[in-house]
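Notes to accompany the following structure.
The values are calculated or read from the model by the stated rules, or taken from the named source; none is laboratory data. A quick note: this is a predicted structure, and the numbers were derived from the prediction, not measured. All Cβ positions, even for glycine, are placed from backbone atoms using ideal geometry, and neighbour counts span all protein chains on display.
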Amino acid sequence: MKSELIIIGAGLGAKSITLEGVEALKSADSVLYDRLVHPDVIDMIPDTAEAVSVGKNPYAKNCIRQEEINSAIEEHLKRHRRVVRLKGGDSTLFARSLEETETAEKCGASSKIIPGVTSASTLAAKMSQALTDRRTVSGCVFITGHSKNGDCPYSFKALAELGLTIVVYMGVRNGGYIASELIKHGMSGNTQVLIGSKLESPEERLCVTTLASLGDVLATGDYDHPATIIIGDVTG
């Protein structure tokens, strides 16, 4: 029978993984899970399934490379009928899911992606806010704090002029630079910013600040990876 790769977005905890995700996880023959998957979700992995951690540790010298994860997927698909790739947050945002479905395709296996609740939605809800408001902010832009090469290859002029909410994932290291570029290109330094670090964990930290102060807040070291930053007046 043809093997199948199922990529599940596990949300930020047992309360934000979808019912479809739970059902698929319980039927797994093997599970390759990320570092950021909540322990309560890992506990859902069946005792009969082979479970392997393939989590990345950002900026660590011994951080596992995506090519190694792809190789692990290929190896597990050769030995198991149903392989689950379990990821924190949503499996369609900055999750490298397409690289992994392409790996499955090369192996002759089928693939399926099951989304989860992303950290931006969780952070906004925790602060009784929203990412959009039809009266003031009609859209939202998702960016990463660094590209594959480690830089921020954006047109900050375009971002500043959009008038939309900007969500920055993985932005702790470059958040100050992003803020200064947005201000330089016309965004008000008084624009409100939400920061959420290690959401849904005992070390969770939340902050409301301004764009002008974002760099200083992040420089304190109080907001560590993983963190999500929401920039925009809809938060006000």
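Could you tell me whether region 102-125 includes any residue that is modelled with pLDDT of 95 or more, among the hydrophobic types (A, V, I, L, M, F, W, C) and more than 30 Å from Asp40 (Cβ to Cβ)?
no
Can you say whether Glu204 is outside the structural domain of Lys56 (by TED's automatic domain parsing), free of Cβ contacts under 8 Å to residues at least 60 places away in the same chain and not aromatic (Phe, Trp, Tyr), as far as the supplied structure shows?
Answer is yes for this residue.
Could you tell me whether region 61-78 includes any residue that is under 23 Å from Ser197 (Cα atoms), surrounded by fewer than 19 Cβ atoms within 10 Å (Cβ to Cβ) and in contact (Cβ under 8 Å) with a residue 24 or more places away in the chain?
Within region 61-78, none of the residues are under 23 Å from Ser197 (Cα atoms), surrounded by fewer than 19 Cβ atoms within 10 Å (Cβ to Cβ) and in contact (Cβ under 8 Å) with a residue 24 or more places away in the chain.
Within region 141-176, can you find the residues that are assigned to a strand (DSSP E or B) and in contact (Cβ under 8 Å) with a residue 60 or more places away in the chain?
Result: Thr165, Ile166, Val167, Val168, Tyr169.
Which condition number in (1) more than 16 Å from the chain's Cα centre (by Cα); (2) modelled with pLDDT of 95 or more; (3) on the phi < 0 side of the Ramachandran plot is the one that Gly186 fails?
Status for Gly186: all satisfied but (3).
Does Ile17 fit the bill of being farther than 25 Å from Ser147 by Cβ, aliphatic (A, V, I, L, M) and within 16 Å of the chain's Cα centre (by Cα)?
yes
Say we look at region 141-182 and pick out the residues that are among the hydrophobic types (A, V, I, L, M, F, W, C) and farther than 23 Å from Val217 by Cα; which of these is surrounded by the fewest Cβ atoms within 10 Å (Cβ to Cβ)?
Ala158
Just need a number here: residues in region 187-209 that are within 13 Å of Lys126 (Cβ to Cβ) and not in a loop (DSSP other than H, G, I, E, B).
Count: 8.
When the residues of region 101-116 are filtered to those that are out of contact with any strand residue (DSSP E or B) (no Cβ under 6 Å at 6 or more places or on another chain) and assigned to a helix (DSSP H, G or I), which remaining residue is surrounded by the most Cβ atoms within 10 Å (Cβ to Cβ)?
The extreme case among them is Thr103.
For region 203-227, how many residues are among the aliphatic types (A, V, I, L, M), crowded, with 17+ Cβ neighbours inside 10 Å and closer than 20 Å to Leu36 by Cβ?
2
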